[in-house]
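The values are calculated or read from the model by the stated rules, or taken from the named source; none is laboratory data. Note that the coordinates shown come from a computational prediction; the quantities given were computed from them, not determined experimentally. Virtual Cβ from ideal backbone geometry, glycine too; neighbours counted across all protein chains shown. Areas reflect the complete protein model, heavy atoms only, side chains present, ligands, DNA and RNA absent. Shrake-Rupley method; radii C 1.70, N 1.55, O 1.52, S 1.80 Å.
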Amino acid sequence: MLQYLDDVRRQIDDALESLFPPAETYPDVIYRAMRYSLFAGGKRFRPTLTVIVAQAAGASAESVMPAACAIEYIHTYSLIHDDLPAIDNDDYRRGRPTCHKEFGEDIAILAGDGLFAEAFALVAGLQKASEQRKIIQVIKELAEAAGPGGMVGGQVVDMESTGRRVDLDTVLFIHAHKTGKLIRAAARTGAILAGAADDEIEAYSRYGDHLGLAFQITDDILDETGSLEELGKTPGQDRASHKATYPAVAGMPAAITRAQEEAAAAIDALNGVKTDIERLKGLATFVVERTG
Ligand code: IPE
Ligand code: IPE
Ligand code: MG
Ligand code: MG
Ligand code: MG
């Protein structure tokens, strides 16, 4: 991994540790379950995106860190629920047994709910660092990205498409919603809090859209080519469950080409942006070259 991505990830891990309530908070089982999934590793890709966009738009990492961490809470909640027996029924996540395997389904559902709620408390708490107008906009962005018009909607179509023959447009809808919307919102959050101009916010949004597709197509590819060790989750699950993935519908060579095209399109979307975008280019390359 590129050195600066590693440095930002470390900063995010430190911030998560300092912001998240301690494990012994009563009722401790829920705090332990949330922490179990949040601190199991994870690439911290979405908060990294928020930080790097904010920096490109002229803000400090510190000024957006609570919002970046909130996005990681939302993402972690989505993983806990995605792994539940009623959804993907997975046993491993981030290199350890899934939350419901460790704590039971009841606590895992509530741990997801708890992380989702804590995320909004964290963003609302930005009050001292950012103008209220920006905070309210970020809350709206994240709520819409996570809701039925975003991640939840994508997960619904993912469920409905499992075991069915679907076309590529349906796969692209699933990918753009279950994964793309939160990634787009992560990019927009960095730009909004940094006070970027509207046309630059739009450029970062398009960057996020392409990155989101590249990210999920790569996730589908790695499900077929990766190992438990690299991925921290059981490979081969998508084929076994007859999931509507990009390689299943279009073939592996087309999936690899499309992921690369989306990463290139993400970089192209930044053409009009005047500030230093080298790190954003590096992040786009990381998305398709990662092995975990
Ligand atoms: C996995 O996300 C779920 C998808 C939306 C593809 P990540 O690959 O970012 O998982 P972590 O956060 O690194 O564990
Ligand atoms: C997950 O997609 C999307 C969300 C969690 C919203 P996947 O089901 O492909 O993610 P993995 O492969 O389990 O990480
Ligand atoms: Mg899933
Ligand atoms: Mg899954
Ligand atoms: Mg997957």
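Charged side chains reduced to their Cβ positions (Lys and Arg at +1, Asp and Glu at -1) give the range 137-292 a dipole of some 260 debye around its Cα centre. Take the chain and mark each of the GluC sites (Glu not before Pro) that is in a DSSP loop with at most 16 other Cβ atoms within 10 Å; the longest unmarked stretch, sites excluded, is 132-292. Projected label points at E62 and D28, each 7 Å from Cα along the beta carbon direction, are separated by 3.3 nanometres. When the Gaussian network model of the chain links Cα atoms closer than 10 Å, the mean-square fluctuations of D113, D219, D167 top out at D167. In the full protein context, the chain carries 43 Å² of accessible surface per residue, based on a 1.4 Å probe and ignoring ligands, DNA and RNA. Between the residues H175, A191, T162, the greatest Cα displacement towards the positive end of the dipole of the range 155-200, with unit charges on the Cβ of Lys, Arg, Asp and Glu, is found for T162.
The simple spin-label model puts a point 7 Å past each Cα toward its Cβ; for S241 and D6 those points are separated by 3.3 nm. In the chain, helical runs assigned H by DSSP with n ≥ 4 each contribute -39500 (n - 2.57); averaged across all residues and rounded to the nearest 500, the mean residue ellipticity at 222 nm is -22000 deg cm²/dmol. Split the accessible area of the chain by element, probe 1.4 Å, and carbon with sulfur accounts for 52%. The equivalent ellipsoid that matches the C-alpha gyration tensor of the chain spans semi-axes of 27, 25, 17 angstrom, in descending order. When its C-alpha radius of gyration is set against 2.2 N^0.38 Å (N residues), the range 47-101 gives a value of 1.48.
Dipole orientation for the range 51-118: of the candidates G104, I74, G58, G58 has the Cα lying most toward the positive pole (charges on Cβ; Lys, Arg +1; Asp, Glu -1).
Positive end of the dipole of the chain, charges at C-beta (+1 Lys, Arg; -1 Asp, Glu), about the Cα centre: which of A33, L280, A264 has its Cα farthest in that direction? Most positive-ward Cα: L280.
For the options Y207, Y77, Y92, a Gaussian network treatment of the chain with springs between C-alpha atoms closer than 10 Å singles out Y92 as fluctuating the most. All alpha carbon pair distances within the range 190-292 were sorted into 5 Å bins beginning at 0; the resulting P(r) in whole percents reads 2, 13, 21, 19, 16, 11, 9, 6, 2, 0. Projected label points at A143 and T257, each 7 Å from Cα along the beta carbon direction, are separated by 4.3 nanometres. Distance between the C-alpha centres of the range 9-83 and the range 98-165: 12 Å, rounded to the whole angstrom. Using a cut-off of 22 Å between Cα atoms, the listed pairs K43/K243; K233/K281; K181/K243; K43/K181; K140/K233 include K43/K243; K233/K281; K140/K233 as exceeding that distance.
Starting from the Kirkwood radius over alpha-carbon pairs of the range 67-200, derive D by Stokes-Einstein at 37 °C in a medium of 0.692 mPa s and give it in µm² s⁻¹. In µm²/s, the coefficient rounds to 207. Placing +1 on the Cβ of every Lys and Arg and -1 on the Cβ of every Asp and Glu, with nothing else charged, gives the range 230-292 a dipole about its Cα centre of roughly 200 debye. Only helices reaching 20 angstrom along their own axis (Cα) with mean Kyte-Doolittle hydropathy no lower than 0.5 count here, and for the DSSP H runs of the chain these are 105-124.
At a Förster radius of 30 Å, what calculated FRET efficiency corresponds to the Cβ-Cβ distance of K43 and R133, to the nearest 0.05? Efficiency, from the Cβ-Cβ distance: 0.45. A simple count of charges around V51, restricted to other residues whose Cβ falls under 15 Å of its Cβ and scoring Lys, Arg +1 and Asp, Glu -1, yields -1. Remark: the range 196-251 carries a charge dipole of roughly 360 debye about the Cα centre, counting +1 on each Lys and Arg Cβ and -1 on each Asp and Glu Cβ. Exposed loop sites were defined as trypsin sites (Lys or Arg not before Pro) in DSSP loop states (anything but H, G, I, E or B) carrying at most 11 other C-beta atoms within 10 Å; in the chain the longest segment without such a site runs 1-163. Just so you know, the Cα atoms of the range 34-130 work out to an Rg and Dmax of 14.6, 44 Å. Bridgeable lysines around K128 (alpha carbons under 18 Å apart, same-chain partners fewer than 8 residues away excluded) are absent.
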